[in-house]
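**Student:** Take a look at this one; I'll ask things after.
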Amino acid sequence: MCECNTYLYRKDKEEEVMKNVASIKAENGKIHLVDILGQTRDINAEIKEVRFLEHKVILEKKSHRKKSKEEPFSNFSIKRY
């Protein structure tokens, strides 16, 4: 199965948002989640981390700071394991 569980990162903890998520889409400044039963949830957050091997997506509440035009992907990083 290729579903994932989503969590909201808050105060150094991961709180479960939704299990068995089949679709994640960024829409209208929010993250739109759909699970395998068709239930939906919209979260005012951004994707902080994706762990493919753990089937885990970690979301984080949106920050209100503006990003520089020179650094459009400044919040992305690549970790090597």
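**Student:** Return the residue satisfying two criteria in turn: it lies in segment 1-24 and is in a strand (DSSP E or B) and loosely packed, with under 10 Cβ neighbours inside 10 Å, and of such residues it is nearest to the chain's Cα centre (by Cα).
**Tutor:** Taking segment 1-24 as the starting set, the residues that turn out to be in a strand (DSSP E or B) are 4-10, 13-24.
Adding the requirement that they be loosely packed, with under 10 Cβ neighbours inside 10 Å leaves 13, 16.
On the way: Lys13: 14, Glu16: 11 Å.
This residue is Glu16.
**Student:** Pairs please, first residue from segment 25-53 and over 14 Å from Tyr7 (Cα atoms), second anywhere and of a type in the set (D, E, K, R), Cβ atoms under 7 Å, 6+ apart in sequence or on different chains.
**Tutor:** Lys30/Asp42; Ile36/Glu3
**Student:** Still on this structure: Please work out if Leu37 is at pLDDT 95 or above and either in a strand (DSSP E or B) or surrounded by 13 or more Cβ atoms within 10 Å (Cβ to Cβ) (or both).
**Tutor:** Numbers: at pLDDT 95 or above: yes; either in a strand (DSSP E or B) or surrounded by 13 or more Cβ atoms within 10 Å (Cβ to Cβ) (or both): no.
Considered against the rule, which asks whether it is at pLDDT 95 or above and either in a strand (DSSP E or B) or surrounded by 13 or more Cβ atoms within 10 Å (Cβ to Cβ) (or both), Leu37 comes out as no.
**Student:** Scanning segment 25-34 for residues that are assigned to a strand (DSSP E or B) and exposed (fewer than 15 other Cβ atoms within 10 Å of the Cβ), which turns out farthest from the chain's Cα centre (by Cα)? Break it down stepwise before answering.
**Tutor:** Going through segment 25-34, the residues assigned to a strand (DSSP E or B) turn out to be 25-27, 30-34.
Filter once more, so that each one left must be exposed (fewer than 15 other Cβ atoms within 10 Å of the Cβ): 25-27, 32.
Values: Lys25: 9, Ala26: 9, Glu27: 12, His32: 10 Å.
Ranking the qualifying residues of segment 25-34, first place goes to Glu27.
**Student:** Within segment 55-81, how many residues are at pLDDT 95 or above and farther than 18 Å from Arg10 by Cβ?
**Tutor:** Residues in segment 55-81 being at pLDDT 95 or above and farther than 18 Å from Arg10 by Cβ: 1 in total.
The values are calculated or read from the model by the stated rules, or taken from the named source; none is laboratory data. Everything quoted here is computed from the prediction, not taken from an experiment. Note that each Cβ is placed from the backbone with ideal geometry, even for glycine, and that neighbours are counted across all protein chains shown.
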